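Engineer: Pasting a structure here, questions to come.
The values are calculated or read from the model by the stated rules, or taken from the named source; none is laboratory data. Model, not experiment: these values are computed from the prediction. FYI the Cβ positions are ideal-geometry reconstructions off the backbone, even for glycines, and counts take in every protein chain you see.
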Amino acid sequence: MVENLSALIDTVQKNCMIADARHARDMTICTFLLEMREFYRWEMEIPYGARLPKDELGDWLTARESLWDTVEEETFAPLPVSGGIDPFDADDVNRALVPYGLVYSSGLGHFRKPHFVLAELKRAEVREGVKVYVAGCEYARDLIAPPAAMRDGAIFLRMDAVRRLLWNKFEEWQWKEKDTALGRAFAHYDFERDIERGLDRMAEAESEAMILHEVGEARAEKLLGADWSSMLGQLDSKHAELLARAVRDHLADCLVTLPTLLEREAHGSLHFYLANLSGLRRALFPALTRAYDHWIASRDTSQLNRTVDAAAAHWLEAARHLTATFQRDPAHGDANINAIAGGDLANLKR
């Protein structure tokens, strides 16, 4: 296995290249450039906070897009493990790799973009009957690096991606108003006095919050059943998919993430959660923002607890409403879900 490691890394990275060639340019130009900057930092092993060389970055970006043009039509290659394994059969791959301290993840993310990553395995555990793989140093990855995801019934947490996310948030916050939910989160971990130690503490805490979210998603999937997964797999509209995922995220967080953080008095993670509640998720759940503001003003979490407790049933009903809407007319399911996303959010809001 060790003798094949270089070939394995090369194959996974080639599959990542093909996935990026097919999907990376679907992003908005702003998001694309930000993701490419961070991918360049990872590929060149440039430390957090170090200034990126502008000319070299520009040349690399041009060369990478040219390379994508040459591989876009290629098929994903089987991995050189146990005689050759389909790159989407992560369970089979991990049965071969985990004993050697490696872990692999593959699957379809938002808008059905394939994701692949090969990494060092830091630890493996089980939460509520669900396997959890915690990855460390990443040897091969694609452009987008979700810090945590449910893949093939297992939770895959990427500590490298967690740290990169937190560092980018910290850099962004330094140019913004300090007395915000994000500022309170960084203050909780004492970033101002010791950035490195603060980053370590925050990465550990927020990785736990991300695992809790994925456990919540596993619970939500059981409650929603196969019809929900079938609907997600058939949605072609980005707006419809975003709405469905936002509702499921709220359900998962009100089932597990937020009740657990409140019970543990994990105030830093609560601040960070509200700091990242944005876009459609924020628009759907104004009651949570009001309850958070009440906590900040009064230092009393009782309203937060009541809001979260009541919202779990609401989001379960909302998710079932979306599923029923889709199932009534699958041929026009995207349009019907889009109609809700475009104008009937009042019936979903909490």
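Engineer: Condition check: outside the structural domain of SER230 (by TED's automatic domain parsing), in contact with a helix residue (DSSP H, G or I) (Cβ under 8 Å, 6 or more places away or on another chain) and under 18 Å from ARG141 (Cβ atoms). Does ALA24 satisfy that?
Structural biologist: Working: outside the structural domain of SER230 (by TED's automatic domain parsing): yes; in contact with a helix residue (DSSP H, G or I) (Cβ under 8 Å, 6 or more places away or on another chain): yes; under 18 Å from ARG141 (Cβ atoms): yes.
In short, yes.
Engineer: Of the residues ILE211, ILE155, which single one is aliphatic (A, V, I, L, M), in contact (Cβ under 8 Å) with a residue 60 or more places away in the chain and not in a helix (DSSP H, G or I)? Quick ask: steps written out before the conclusion?
Structural biologist: Working: ILE211 fails: not in a helix (DSSP H, G or I).
So the residue among ILE211, ILE155 that is aliphatic (A, V, I, L, M), in contact (Cβ under 8 Å) with a residue 60 or more places away in the chain and not in a helix (DSSP H, G or I) is ILE155.
Engineer: Determine whether the stretch 161-175 contains at least one residue that is over 24 Å from the mean Cα position of the chain (by Cα), exposed (fewer than 14 other Cβ atoms within 10 Å of the Cβ) and on the phi < 0 side of the Ramachandran plot.
Structural biologist: Our first condition is that a residue be over 24 Å from the mean Cα position of the chain (by Cα); within the stretch 161-175, this holds for 175.
Add one more test, that the residue is exposed (fewer than 14 other Cβ atoms within 10 Å of the Cβ), and what stays is 175.
From what's left, on the phi < 0 side of the Ramachandran plot: 175.
Scanning the stretch 161-175, I find at least one residue that is over 24 Å from the mean Cα position of the chain (by Cα), exposed (fewer than 14 other Cβ atoms within 10 Å of the Cβ) and on the phi < 0 side of the Ramachandran plot, so the answer is yes.
Engineer: Would you confirm, using the coordinates I've provided, whether GLU206 is crowded, with 23+ Cβ neighbours inside 10 Å, among the charged types (D, E, K, R) and over 16 Å from LEU316 (Cα atoms)?
Structural biologist: Numbers: crowded, with 23+ Cβ neighbours inside 10 Å: yes; among the charged types (D, E, K, R): yes; over 16 Å from LEU316 (Cα atoms): yes.
For GLU206, the condition - crowded, with 23+ Cβ neighbours inside 10 Å, among the charged types (D, E, K, R) and over 16 Å from LEU316 (Cα atoms) - is met.
Engineer: Mind checking which residues of the stretch 82-102 are part of a loop (DSSP other than H, G, I, E, B) and modelled with pLDDT of 90 or more? Give the steps one after another, and end with the answer.
Structural biologist: Quick first cut of the stretch 82-102, residues part of a loop (DSSP other than H, G, I, E, B) only: 82-84, 86-89, 101.
Within the stretch 82-102, ASP86, PRO87, PHE88, ASP89, GLY101 qualify.
Engineer: On the basis of being assigned by TED's automatic domain parsing to the domain that holds PRO146, buried (at least 20 other Cβ atoms within 10 Å of the Cβ) and over 20 Å from the mean Cα position of the chain (by Cα), does ILE18 make the cut?
Structural biologist: Working: assigned by TED's automatic domain parsing to the domain that holds PRO146: yes; buried (at least 20 other Cβ atoms within 10 Å of the Cβ): yes; over 20 Å from the mean Cα position of the chain (by Cα): yes.
Yes; evaluated as a whole, the condition is true for this residue.
Engineer: Further question: Regarding the stretch 279-302, can at least one residue be identified that is of a type in the set (Ser, Thr, Tyr) and farther than 27 Å from HIS188 by Cβ?
Structural biologist: In the first step, residues of the stretch 279-302 are kept if they are of a type in the set (Ser, Thr, Tyr); the result is 289, 292, 298, 301-302.
When the remaining residues are screened for being farther than 27 Å from HIS188 by Cβ, the result is none.
No, the stretch 279-302 contains no residue that is of a type in the set (Ser, Thr, Tyr) and farther than 27 Å from HIS188 by Cβ.
Engineer: Now for a separate question. Quick check on my filter: what residues within the stretch 63-97 are in contact with a strand residue (DSSP E or B) (Cβ under 8 Å, 6 or more places away or on another chain) and under 22 Å from GLU43 (Cα atoms)?
Structural biologist: PHE76, LEU79, PRO87
Engineer: Condition check: over 14 Å from ALA119 (Cβ atoms), in contact (Cβ under 8 Å) with a residue 40 or more places away in the chain and not aliphatic (A, V, I, L, M). Does ARG163 satisfy that?
Structural biologist: Numbers: over 14 Å from ALA119 (Cβ atoms): no; in contact (Cβ under 8 Å) with a residue 40 or more places away in the chain: yes; not aliphatic (A, V, I, L, M): yes.
Judged against the criteria, ARG163 is not a match.
Engineer: Quick check on the stretch 132-148: of everything there that is crowded, with 19+ Cβ neighbours inside 10 Å and aliphatic (A, V, I, L, M), which residue is farthest from PHE39 (Cα to Cα)?
Structural biologist: That would be VAL134.
Engineer: Of everything in the stretch 103-131, what is in contact (Cβ under 8 Å) with a residue 40 or more places away in the chain, in a strand (DSSP E or B) and surrounded by 15 or more Cβ atoms within 10 Å (Cβ to Cβ)? Give them in sequence order.
Structural biologist: VAL103, TYR104, SER105, SER106, GLY107, PRO114, HIS115, PHE116, VAL117, LEU118, ALA119, VAL130
Engineer: Another question, then. From the residues in the stretch 222-267 that are assigned to a helix (DSSP H, G or I), of a type in the set (D, E, K, R) and surrounded by fewer than 18 Cβ atoms within 10 Å (Cβ to Cβ), which one is nearest to the chain's Cα centre (by Cα)? Outline the logic, then answer.
Structural biologist: Step one: filter the stretch 222-267 for residues assigned to a helix (DSSP H, G or I), giving 222-234, 238-264, 267.
Checking which are of a type in the set (D, E, K, R) leaves us with 222, 227, 238, 241, 245, 248-249, 253, 263-264.
Within this subset, residues satisfying the condition of being surrounded by fewer than 18 Cβ atoms within 10 Å (Cβ to Cβ) are 222, 227, 238, 245, 263-264.
Working: LYS222: 20, ASP227: 23, LYS238: 16, ARG245: 11, GLU263: 24, ARG264: 23 Å.
Only one residue tops the list, namely ARG245.
Results for (1) within 25 Å of the chain's Cα centre (by Cα); (2) loosely packed, with under 13 Cβ neighbours inside 10 Å; (3) touching a residue at least 40 places away in the same chain (Cβ under 8 Å), shown as yes or no for each residue.
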{"residue": "CYS30", "(1), (2), (3)": "yes, yes, no"}
{"residue": "GLU45", "(1), (2), (3)": "yes, yes, no"}
{"residue": "GLY49", "(1), (2), (3)": "yes, yes, yes"}
{"residue": "PRO53", "(1), (2), (3)": "no, no, no"}
{"residue": "ALA63", "(1), (2), (3)": "no, yes, no"}
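Engineer: To continue, here is another question. Any residue that is farther than 30 Å from GLU171 by Cα and in a loop (DSSP other than H, G, I, E, B) - is there at least one of those in the stretch 29-46?
Structural biologist: In the first step, residues of the stretch 29-46 are kept if they are farther than 30 Å from GLU171 by Cα; the result is none.
No, every residue in the stretch 29-46 fails to be farther than 30 Å from GLU171 by Cα and in a loop (DSSP other than H, G, I, E, B).
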